[in-house]
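> Could you have a look at this structure, given as structure tokens, before my questions?
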Amino acid sequence: MVKDGYRFALPPLILGIVLLAFRLWWAAVLVVFGLFVLYFFRDPERRIPGDPEAVVSPADGRVVEIVDEQNGARAGKRVSIFLSIFNVHVNRAPVAGRISRLEYKSGRFMAAWKGKASGENEQNLIAIQTPRGEMTFKQIAGWVARRIIFWKRQGDEVAAGERVGMIRFGSRVDVWLPEGAEILVQRGQKVAGGSTVIGRWPSTK
């Protein structure tokens, strides 16, 4: 459980219990809401693949786009994952390395499943430097999400699948893989953060 979950869930749970003797309907609504908040902030353990060439999913959700996209002068593909309010919202590092860049960008709050959300919505771009090159991914706010949280700092070392942040209440996460990387997921596929291998680095052998 993410610690923030208790802060958001306890007030409606406590008020709901207090109201049980006076307003049963409102008490039930508050208790159900509090329990859902606890469910939303769940943070299950995951089995992280040990393959150093594996790129793991940074989030739970459904793959909504796999498109060719430039990252500066470098060609590659963007894999976009949509998180509904029912998915686990803890985000994980897709690869191991050092966080070399953090860039927050304010923007719109259009529905996160739309393609334009990748460029126009509020977002946090993270670059991880690895022995094989730089890997970038984005935390993108959606229509409901209004808070992007990142727990690491520039210069921190992260392991593949390590918890790095979360986005509250519906969102999107994009991962950019360089040209030559093998994409192992397809559009519409459900993925689990930290455990589903979405791609493999181009081999250096």
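> Among the residues of the stretch 156-183, write down those that are among the aliphatic types (A, V, I, L, M) and farther than 21 Å from residue 118 by Cα. If you could, list the steps in order and put the result at the bottom.
Start the filter on the stretch 156-183 by keeping residues that are among the aliphatic types (A, V, I, L, M), which leaves 158-160, 164, 166-167, 173, 175, 177, 181, 183.
Result: 158, 159, 160.
> Can you name every residue in the stretch 64-79 that is assigned to a strand (DSSP E or B) and either outside the structural domain of residue 136 (by TED's automatic domain parsing) or of a type outside the set (D, E, K, R) (or both)? Break it down into steps so the answer makes sense when it comes.
Start the filter on the stretch 64-79 by keeping residues that are assigned to a strand (DSSP E or B), which leaves 64-68, 71, 74, 76-79.
Passing the criteria: 64, 66, 67, 71, 76, 79.
> Is one or more of the residues making up the stretch 25-40 at pLDDT below 85, in contact with an Asp or Glu (Cβ under 6 Å, 6 or more places away or on another chain) and under 20 Å from residue 172 (Cβ atoms)? Working first, answer last.
As a first pass, look at the stretch 25-40 and keep what is at pLDDT below 85: 25-40.
Narrowing further to those that are in contact with an Asp or Glu (Cβ under 6 Å, 6 or more places away or on another chain): none.
Within the stretch 25-40, not a single residue is at pLDDT below 85, in contact with an Asp or Glu (Cβ under 6 Å, 6 or more places away or on another chain) and under 20 Å from residue 172 (Cβ atoms).
The values are calculated or read from the model by the stated rules, or taken from the named source; none is laboratory data. All values reported here derive from a predicted model rather than from experimental measurement. Backbone-built Cβ (ideal geometry, glycine too); neighbour counts: all protein chains shown.
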